[in-house]
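See below for the structure under consideration.
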Amino acid sequence: MNVIMVVVFLYFLMMIAIGIVFSRVKMDHSKFLLGGKTLPGWALGLSERATGASAWIMIGYTGFVFSTGLSAIWVSVGSAIGIITAWAFLAKRFIKVRDKYNALTIPGYLAGRFGKHSRLIQSLGGMLIIVFFMFYLGAQIAGAGKTFFTTFQIDLVTGMIICTIIVIAISFGGGFISVVWTDVIQGIMMLATLTIVPILALYQISTNDLSISVALTEAGPGFDSLTGGLTGFALGVLLFNNFAWLFGYLGGEPQLSARFMALKNERDAKIGLTTVVIWSVIVYFGTTIIGLSALTLYGAGSFSDPETILPFMIMELAPPWIAGLLLAGIIAAIVTTADSQLLVVVSSVSEDILHRGLGLNLSDKQLVNISRLTVIVGALVGLVVALTSNALVYVVTSWAWAGVACTLSAAIILAFFWNRYSSIGVISTILSGLIFTIIWISTPLDQIITARITTFFIAGFFGIVFSLLFPDINQDSNHTEKTQPTLNT
């Protein structure tokens, strides 16, 4: 145990040191939020995936596979398709609109694209992100607490506080640049964890003459079936619910789209796509094997909290010094997403609401100082959310995914591909996505059909209807981003 704690402690020191190094770089507001076009495509690809995978896949998804069996695979299939679609078809468009509209955020692009009501659009977009992302951030901090408790028997609250301090230390000084470079290291650590643990687990299964297929059959009805043992409408609901992560990847997840907007050019977008595909195949395969292996080694119902499976398996199967590195990989996933989510909140406060939404005339230095202050305040609020929420990491992430990613994905798809989308349409998309998600997740309906599906289509529907009812006068048909010439940056 002492060896494991030393390895994890040294890892954290390295992460904090990176934050300190980049805090010495001269920062303006644009560089603090998007890196100033200085980051290579492969680094942004690794950063995007390390951020996008986060605690929800290492802690939440492994537990979900353990609890449901083979049908959980549709979550990884939907996510993989969404990721590849975003990098292949949307990344280049984000590069173009970033330069055309001088945008630092998704609400900033939408406000620039639709000049009418631009301040209202940017303010509403910023508030939408803040409302849900505080819960999203809280979910990551809660995931850290679970990992520290399972690994070191450290009190949950203490573990959450440790994670919060690390996130602040990384994000405060270097902003987006330090976050991306720590993401790179953390993405590599996650790859190592999700490669080594499945190998160790499969070795134990083979050594003890166990069978994954037999374990799935004995776990309960539907565990051994890709359809969960369901047919007809129930099967359709299961597939839609698990596949629904796809919709959030279509340009609307702010911390992921920020990586697109930080790309230097289209060549780097292609490099990022290649990086993302390789990383995703390894990670989704590894996490699925971990969940199935846990079922085989320990049996269904053997964990009171399925989201503690991965740290438990590491402690059980790996030698101490390897366990320390692998556990650092789990915490890496949590910290990676937490600092990126925190930076999204920061950009929403400083750029979307104060600078653009309210139109405050602030200097670059003042904006950077406000951003750094928001880092501290936002992290502390996220800690409070973690301490007061009893929901699972997977569930809370799902809510935020619906409220922000699926709402803004609908807005992005319409803005990129439909000439008649109007400023009132954008406002109605954001408001309907916010209101509908809150109503939907507050009722039993979310247990039947996830808000990750319904929010996307409801927000898109209201956006289309209100655009037709209230078109922008003298709307420029050239606004459609697919018609814009390629920009060389």
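Observations, loosely collected:
- Residue within the stretch 430-437 that is open to solvent by less than 10 Å² (accessible area, probe 1.4 Å), over 23 Å from F94 (Cα atoms) and modelled with pLDDT of 85 or more present: yes
- Set side by side, the residues T193, T207, T150 differ, and just one is of a type in the set (S, T, Y), touching a residue at least 12 places away in the same chain (Cβ under 8 Å), open to solvent by 10 Å² or more (accessible area, probe 1.4 Å) and within 21 Å of S293 (Cα to Cα), which is T150.
- Taking the stretch 458-476 as the range and being surrounded by 13 or more Cβ atoms within 10 Å (Cβ to Cβ) and either among the polar types (S, T, N, Q) or within 23 Å of Y249 (Cα to Cα) (or both) as the test, the residues that pass are I458, A459, G460, F461, F462, G463, I464, S467, Q475.
- Selection over the stretch 128-146 of residues that are open to solvent by 30 Å² or more (accessible area, probe 1.4 Å) and over 18 Å from L354 (Cβ atoms) gives a count of 2.
- Enumeration of residues in the stretch 422-455 that are without any contact (Cβ under 8 Å) to a residue 60 or more places away in the chain and part of a loop (DSSP other than H, G, I, E, B): S442, T443, P444
- Verdict on M160 being open to solvent by less than 40 Å² (accessible area, probe 1.4 Å), part of a helix (DSSP H, G or I) and either at pLDDT 80 or above or charged (D, E, K, R) (or both): yes
- From the options S371, S302, S293, residue that is crowded, with 23+ Cβ neighbours inside 10 Å, over 30 Å from K116 (Cβ atoms), at pLDDT 80 or above and small (G, A, S): S293
- When we screen V281, V276 for residues that are within 30 Å of L90 (Cβ to Cβ), open to solvent by 10 Å² or more (accessible area, probe 1.4 Å) and either among the aromatic types (F, W, Y) or within 25 Å of the chain's Cα centre (by Cα) (or both), the only hit is V281.
- For first residues located in the stretch 252-280 and more than 30 Å from T429 (Cα to Cα) and touching a residue at least 40 places away in the same chain (Cβ under 8 Å), partners that are polar (S, T, N, Q) and assigned to a helix (DSSP H, G or I) and lie 6+ apart or on another chain with Cβ distances below 7 Å do not occur.
- Condition met for A103 (touching a helix residue (DSSP H, G or I) at 6+ places or on another chain (Cβ under 9 Å) and at pLDDT 90 or above): no
- The set of residues in the stretch 228-254 that are within 23 Å of A294 (Cα to Cα) and open to solvent by less than 50 Å² (accessible area, probe 1.4 Å) comprises G228, L238, N242.
- The lone exception for G78 - which of (1) of a type in the set (G, A, S); (2) closer than 23 Å to W401 by Cβ; (3) modelled with pLDDT under 90; (4) open to solvent by 10 Å² or more (accessible area, probe 1.4 Å) it fails: (4)
- Among the residues of the stretch 345-367, those identified as open to solvent by less than 10 Å² (accessible area, probe 1.4 Å) and among the hydrophobic types (A, V, I, L, M, F, W, C) are V345, V346, L367.
- Residue count for the stretch 115-127 satisfying the condition of being buried (at least 24 other Cβ atoms within 10 Å of the Cβ) and touching a Ser or Thr at 6+ places or on another chain (Cβ under 7 Å): 2.
The values are calculated or read from the model by the stated rules, or taken from the named source; none is laboratory data. These figures come from a predicted structure and were not determined experimentally. Here the Cβ is made from the backbone with ideal geometry for all residues, glycine too, and neighbour counts use every protein chain on show. For accessibility, only protein heavy atoms count, side chains too; no ligands or nucleic acids. Shrake-Rupley method; radii C 1.70, N 1.55, O 1.52, S 1.80 Å.
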